[in-house]
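Have a look at the structure below, then the notes.
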Amino acid sequence: MATDQVQIFDTTLRDGEQVPGCKLDTKNKLIIAERLDLLGVDIIEAGFPISSPGDFHSVEEIAKLVKNATVCGLTRSVKKDIEVAADALKHAKRPRIHTGIGTSDSHIKYKFNSTREKIIERAVAAVTYAKTFVEDVEFYAEDAGRTDNEFLARVCEAVVKAGATVLNIPDTTGYCLPEEYGAKIKYLKENVTGIDKATLSCHCHNDLGLATANSIAGIINGARQIECTINGIGERAGNTSLEEVVMIMRQHPTLKLDTNINSKLLYDTSRLVSESMGMMVQPNKAVVGANAFAHSSGIHQDGVIKNRETYEIMNPHDVGVTESAIVLTARSGRAALAYRAKNVGFELDKLQLDKVYQEFLKFADLQKEISDNDIPKIIEAAKL
Ligand code: KIV
Ligand code: ZN
């Protein structure tokens, strides 16, 4: 079976930028958009043009700048939103309008004070109107995660008929279990007439820490686009993390799914977004966290020094990390100490190592981590 391509739809500059205190100016957005294009994302959601003149300007400038990716603007199912998004995207080589409406009973009742039938009418009208400006129209069924599957299928069928090219199935509240989300995608694949004319897209939030697992369940069941952000940033607990889904596909060739992402740029892109937004990456973050390739317990260090694959399922070079780190702490063993001492120019024989190790433990009990600068002092204290 040939490998299928999964489109990466990056929403760092739209859903990601909704993080309180992380607002970016146009200049920083342009730097990030250029990097995302270089990284190989297929679609850049550049913003929500109607939301503010600043956002309109950013989307317009990104549309002018981006060379390869499709540039997308978000709208509600509101005519004015769609007109403004079309205007902001007019210079894009590949423009996409992303329009939609809430479809769960709770959204229909409390947000819109409406009915299921009227929601379908509004969805179809929005897609039809967006199609008068651009060919590529993505429809989102907000809160699809809590929307009854039968109704969701009816909405999807109606908007595909109206010309939607992509069907976004957001788990807006991050509520679904992976099995449930995967089954939803499967249900739509099997029950929406005309589904072959559109791409199903996963847009999973991380409120219960399941965004990545849900997105993977989605693509296993037939979705071919994932909406995600660098470092998984986004409102509340965030969005699906781009680097995680990309590396899951790379590291599991049996899935027979891959992306256009140049994974060697992941680490630098993660740092760029983190620094621009002033939002630190948690050290234990999968793939791009400072500790993702750092080993500190003696047993693990001994294994990694003998063969990296004993405790690493990814090559750090593949994500742009120069090398695995052997961190010296009071939990480290002789193998790690010998390895780090050799790196700074001290080749120790077995007897010497035993002596230096005793001194090392005294130092390590006093400080959290032993640096390269401490090693000569420890060796001196061992009086070899
Ligand atoms: O989470 C969500 O439902 C969204 C839509 C606006 C696409 O971000
Ligand atoms: Zn979202």
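The values are calculated or read from the model by the stated rules, or taken from the named source; none is laboratory data. These numbers were taken from a predicted model, which means no experiment stands behind them. Here the Cβ positions follow ideal geometry from the backbone for every residue, glycine too, while neighbour counts run over all protein chains shown. To get the accessible areas, we keep the full protein, side chains included, count just its heavy atoms, and leave off ligands, DNA and RNA. Shrake-Rupley method; radii C 1.70, N 1.55, O 1.52, S 1.80 Å.
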Among the candidates G238, G163, G209, G232, single out the residue that is in the same structural domain as R96 (by TED's automatic domain parsing) and under 30 Å from I120 (Cβ atoms).
G163
Looking at M280, is it more than 16 Å from ligand 1 (Cβ to nearest atom) and free of Cβ contacts under 8 Å to residues at least 12 places away in the same chain?
yes
For segment 11-58: of the residues being of a type in the set (V, I, T) and open to solvent by 40 Å² or more (accessible area, probe 1.4 Å), which is farthest from V84 (Cα to Cα)?
I31
Taking segment 351-384 and keeping residues closer than 16 Å to T329 by Cβ and assigned to a loop (DSSP other than H, G, I, E, B) leaves Q367, K368, E369, S371, D372, N373
In this structure, is V71 open to solvent by less than 20 Å² (accessible area, probe 1.4 Å), at pLDDT 95 or above, part of a helix (DSSP H, G or I) and in contact with a strand residue (DSSP E or B) (Cβ under 6 Å, 6 or more places away or on another chain)?
no
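Would you check which residues across segment 323-350 are in a helix (DSSP H, G or I) and open to solvent by less than 50 Å² (accessible area, probe 1.4 Å) and list them?
A335, A336, L337, A338, R340, A341
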When you check L348 against the structure, is it modelled with pLDDT under 95 and out of contact with any strand residue (DSSP E or B) (no Cβ under 7 Å at 6 or more places or on another chain), yes or no?
no
Residue list for segment 220-248, restricted to those being more than 15 Å from ligand 2 (Cβ to nearest atom) and either surrounded by fewer than 24 Cβ atoms within 10 Å (Cβ to Cβ) or modelled with pLDDT under 95 (or both)
I220, N221, G222, R224, E244, M247, I248
Candidate set: segment 189-208, residues that are assigned to a loop (DSSP other than H, G, I, E, B) and away from ligand 1 (no atom under 16 Å from the Cβ); chosen: the one surrounded by the most Cβ atoms within 10 Å (Cβ to Cβ):
V192
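Give me a count of the residues in segment 85-122 that are assigned to a helix (DSSP H, G or I) and more than 16 Å from ligand 1 (Cβ to nearest atom).
Adding up the residues that qualify gives 9.
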Among (1) more than 23 Å from F48 (Cα to Cα); (2) buried (at least 17 other Cβ atoms within 10 Å of the Cβ), there is one condition S104 misses while meeting the rest; what is its number?
(1)
Going by the conditions given, is R35 touching a residue at least 60 places away in the same chain (Cβ under 8 Å), among the basic types (K, R) and closer than 30 Å to L266 by Cβ?
yes
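Taking segment 126-181 only, how many residues are on the phi < 0 side of the Ramachandran plot, part of a loop (DSSP other than H, G, I, E, B) and in contact with a strand residue (DSSP E or B) (Cβ under 8 Å, 6 or more places away or on another chain)?
Within segment 126-181, residues that are on the phi < 0 side of the Ramachandran plot, part of a loop (DSSP other than H, G, I, E, B) and in contact with a strand residue (DSSP E or B) (Cβ under 8 Å, 6 or more places away or on another chain) number 8.
Each row is one residue, and each column tells you yes or no for (1) small (G, A, S); (2) touching a Cys at 6+ places or on another chain (Cβ under 9 Å); (3) assigned to a loop (DSSP other than H, G, I, E, B); (4) over 25 Å from V41 (Cα atoms).
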| site | (1), (2), (3), (4) |
| --- | --- |
| E243 | no, yes, no, no |
| R250 | no, no, no, no |
| I261 | no, no, yes, no |
| S274 | yes, no, no, no |
| V281 | no, no, yes, no |
| A290 | yes, no, yes, no |
| H300 | no, no, no, yes |
| V304 | no, no, no, yes |
| I313 | no, no, yes, no |
Could you check how many residues of segment 215-240 are within 15 Å of ligand 1 (Cβ to nearest atom) and closer than 27 Å to V321 by Cα?
13
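Every residue in segment 33-46 that is more than 13 Å from ligand 1 (Cβ to nearest atom) and in contact with an Asp or Glu (Cβ under 9 Å, 6 or more places away or on another chain), please.
Scanning segment 33-46 gives A33, R35, L36, L39, V41, D42, I44, A46.
Would it be correct to say that A292 is within 29 Å of A158 (Cβ to Cβ) and at pLDDT 95 or above?
no
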I need the full set of residues from segment 269-308 which are open to solvent by 40 Å² or more (accessible area, probe 1.4 Å), within 14 Å of the chain's Cα centre (by Cα) and among the charged types (D, E, K, R), in order please.
R271
Among the residues listed as I50, I44, the single one being under 21 Å from the mean Cα position of the chain (by Cα), at pLDDT 95 or above and either assigned to a loop (DSSP other than H, G, I, E, B) or farther than 20 Å from G278 by Cβ (or both)
I44
